[in-house]
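Q: Take this structure first; my questions come after.
The values are calculated or read from the model by the stated rules, or taken from the named source; none is laboratory data. A quick note: this is a predicted structure, and the numbers were derived from the prediction, not measured. Here the Cβ positions follow ideal geometry from the backbone for every residue, glycine too, while neighbour counts run over all protein chains shown.
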Amino acid sequence: MFSFLSQKFSGVLSWLNNKGRLTEENIDQAIGDVRNALIEADVPLNIVEAFLQEIKNEAIGKKVTTTLNPGQLFIKIVHEKLLEFLGGRNSLSAVTFQIPSVIMVMGLQGSGKTTTTAKLAHHVMEQAKQRNKKRHILLASVDFYRPAAIDQLEILAKKIGSGFYRAKAQAPVQAAQEIYGHFKEGQYDHLFLDTAGRLHIDREMMQELEQINAKLAPKHKLLVLDAMTGQESLKVAQAFDQVVPFDAAILTKMDSDTRGGAAFAFRYALHKPIAWVGVGEKIEDLENFVPERMTTRILGMGDMQTLLEKASENIDTPSQDALAKRLMDGSFTLQDFYEQIGMIDKLGSLQKISRYLPGTHNLTPDQMEKGQDEMKKFKAIISSMTAKEKYVPQVLDASRKKRIASGAGVTVQDINQLLQRFEQSKQFVKMFRKMGKLKRFFM
Ligand SMILES: Nc1nc2c(ncn2[C@@H]2O[C@H](COP(=O)(O)OP(=O)(O)O)[C@@H](O)[C@H]2O)c(=O)[nH]1
Ligand SMILES: [Mg+2]
């Protein structure tokens, strides 16, 4: 989902990470890259520009704090903005169906109306079941346009165990009224009315929907949008909204290699919720739309934001800065190494941290546990050392190692492993210093 956007953004962001400071100049550069990414992802140009303008306004004039380097600060702003555009943190579950109610499902042909209608009905029934309730649902279709469209819905109704009614009338508006009559008689809780789409926005389709809307006055109107259609889907949404204003959209086919443009543009331009997303062809493949999850996916960097917040809460800046400085002048000692491990401790378990970090999701629980154990051991070893040993580890001969091992409850091999790791970090530092990217190593 949104892999295209993610890729683009992570490209931009990794580039930013490598910059020392966020100056007006490199904001410009970054904005250019983000702009390209969004345009390539099929977000309409005017929306791209509006988005960038907001980011720019926030980025410039904001002080770079000591806990966040400029790249991270920019990530934070992009993250916040993107989240806001996609619906924010507190966006409530967008639609709750009243009882009784008619729910009209609209959209272009092939967008996934019929499938989504059944998914939704199933979802409502399942939710009721969890509360030990039962929902009496009627599915019906006025899609006389596409052959076998009504049969398709009938099959799905059987599958989910809902009611189904086939109208005798053959004209959409009359059929809708006939269906409504049946819905009332049957004392159903909800009628999900599947409508006919067309391949493109079409006058006849719109008139049908307008009339059905006028006659039945559905409590809820939902627009089904195919997320794969990118920029086009915004035009579709606007056209529908002008004729039959809808409550919320459902974005289907988010399981495919969908570009992010659809969700992004829709939210920005229409200010209407995306209530659900379709993530597959099966009945169960319907999920709530979660702006935060979407934002994270777009940025392609795990929940970096949360990590940043944690980091700025838990780690006191001076010690971090001091460590970075010691690394820089080459006086990095085992004591510093110890403090570094302590910082990781402050951030929570390795397991928790890895959830926030991109690229570490594929660490197995085993590997995590090993890492965690290793850190514990290293801490124990270092705390069993004398000051001299910590600062001049070269003095660690066999007998010293034996003494430390028994003090820390580890083996000599563990100590050797620690020393190896320590040497590796020093090598890293040298390399990074050469590349002029030292500060990054520590963040
Ligand atoms: N992968 C995937 N396919 C979907 C999704 N929703 C619908 N489809 C498929 O899209 C095609 C068209 O769906 P349909 O419900 O008949 O669309 P309608 O013409 O709008 O009623 C069907 O093959 C569905 O299985 C989805 O969320 N993911
Ligand atoms: Mg259909």
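Q: How about region 103-120: which of its residues are part of a loop (DSSP other than H, G, I, E, B) and over 13 Å from LEU286 (Cβ atoms)?
A: Taking region 103-120 and keeping what is part of a loop (DSSP other than H, G, I, E, B), we get 108-112.
Residues satisfying the conditions are LEU108, GLN109, GLY110, SER111.
Q: Determine if region 82-94 includes at least one residue that is of a type in the set (A, V, I, L, M, F, W, C) and under 19 Å from GLY181 (Cα atoms).
A: Checking region 82-94: not a single residue is of a type in the set (A, V, I, L, M, F, W, C) and under 19 Å from GLY181 (Cα atoms).
Q: Only residues in region 364-387 that are assigned by TED's automatic domain parsing to the domain that holds GLY409 and surrounded by 13 or more Cβ atoms within 10 Å (Cβ to Cβ) count as the first member; pair them with residues that are of a type in the set (S, T, N, Q) and part of a helix (DSSP H, G or I), Cβ under 6 angstrom, at least 6 apart or cross-chain, and list the lot.
A: That search, which allows pairs on different chains as well, returns MET368/GLN351.
Q: Also, quick follow-up: Of all residues in region 191-218, which are part of a loop (DSSP other than H, G, I, E, B), modelled with pLDDT of 95 or more and more than 15 Å from ALA171 (Cα to Cα)?
A: ALA217, PRO218
Q: I'd like to verify a number: residues in region 111-127 that are free of Cβ contacts under 8 Å to residues at least 60 places away in the same chain and either buried (at least 16 other Cβ atoms within 10 Å of the Cβ) or within 11 Å of ligand 1 (Cβ to nearest atom) (or both), how many? Step through it out loud before you land on a result.
A: The first filter runs over region 111-127 and keeps only residues free of Cβ contacts under 8 Å to residues at least 60 places away in the same chain, leaving 125-127.
Remaining after also requiring either buried (at least 16 other Cβ atoms within 10 Å of the Cβ) or within 11 Å of ligand 1 (Cβ to nearest atom) (or both): 125.
Residues meeting the conditions: 1.
Q: Contact list please: Cβ distance under 6 Å, first residue in region 230-252 and of a type in the set (Asp, Glu), second residue modelled with pLDDT of 95 or more, pairs at least six apart or on different chains.
A: ASP247/HIS220; ASP247/LYS221
Q: Follow-up. Can you tell which of ASP202, ASP226 is free of Cβ contacts under 8 Å to residues at least 12 places away in the same chain, farther than 25 Å from ALA128 by Cβ and within 16 Å of ligand 1 (Cβ to nearest atom)? Even if it seems obvious, please write down each step before you answer.
A: Values: ASP226 fails: free of Cβ contacts under 8 Å to residues at least 12 places away in the same chain.
Selected residue: ASP202, the only one of ASP202, ASP226 that is free of Cβ contacts under 8 Å to residues at least 12 places away in the same chain, farther than 25 Å from ALA128 by Cβ and within 16 Å of ligand 1 (Cβ to nearest atom).
Q: Which of the residues that make up region 128-151 are within 16 Å of ligand 1 (Cβ to nearest atom) and either hydrophobic (A, V, I, L, M, F, W, C) or crowded, with 18+ Cβ neighbours inside 10 Å (or both)?
A: Step one: filter region 128-151 for residues within 16 Å of ligand 1 (Cβ to nearest atom), giving 139-151.
Correct list: LEU139, ALA140, SER141, VAL142, ASP143, PHE144, ALA148, ALA149, ILE150.
Q: Condition first: at pLDDT 90 or above, away from ligand 1 (no atom under 16 Å from the Cβ) and part of a helix (DSSP H, G or I). Can you find one or more residues in region 267-286 that meet it?
A: Yes: one or more hits.
Q: Among the residues of region 341-390, which ones are among the aliphatic types (A, V, I, L, M), assigned to a helix (DSSP H, G or I) and at pLDDT 75 or above?
A: Taking region 341-390 and keeping what is among the aliphatic types (A, V, I, L, M), we get 341, 343-344, 347, 350, 353, 357, 363, 368, 375, 380-382, 385, 387.
Now narrow it down to the ones that are assigned to a helix (DSSP H, G or I): 341, 343-344, 350, 353, 368, 375, 380-382, 387.
Answer for region 341-390, where residues must be among the aliphatic types (A, V, I, L, M), assigned to a helix (DSSP H, G or I) and at pLDDT 75 or above: MET375, ALA380, ILE381, ILE382, ALA387.
Q: Looking at LYS113, is it within 10 Å of ligand 2 (Cβ to nearest atom), assigned by TED's automatic domain parsing to the domain that holds HIS182, charged (D, E, K, R) and modelled with pLDDT of 95 or more?
A: Working: within 10 Å of ligand 2 (Cβ to nearest atom): yes; assigned by TED's automatic domain parsing to the domain that holds HIS182: yes; charged (D, E, K, R): yes; modelled with pLDDT of 95 or more: yes.
So LYS113 fits the description; yes.
Q: List pairs: first residue in region 182-199 and within 12 Å of ALA118 (Cα to Cα), second residue away from ligand 1 (no atom under 16 Å from the Cβ) anywhere in the structure, Cβ distance under 6 angstrom, at least six positions apart or on different chains.
A: LEU191/VAL102; LEU191/LEU138; LEU191/PHE183
Q: Taking VAL95 as meeting all but one of (1) modelled with pLDDT of 80 or more; (2) among the β-branched types (Val, Ile, Thr); (3) assigned to a helix (DSSP H, G or I), write down the number of the exception.
A: Unmet for VAL95, out of (1) modelled with pLDDT of 80 or more; (2) among the β-branched types (Val, Ile, Thr); (3) assigned to a helix (DSSP H, G or I): (3).
Q: Can you find, within region 233-266, the residue that is surrounded by the fewest Cβ atoms within 10 Å (Cβ to Cβ) among those that are more than 13 Å from ligand 1 (Cβ to nearest atom) and either of a type in the set (D, E, K, R) or part of a loop (DSSP other than H, G, I, E, B) (or both)?
A: Of everything passing the filter in region 233-266, PRO245 is surrounded by the fewest Cβ atoms within 10 Å (Cβ to Cβ).
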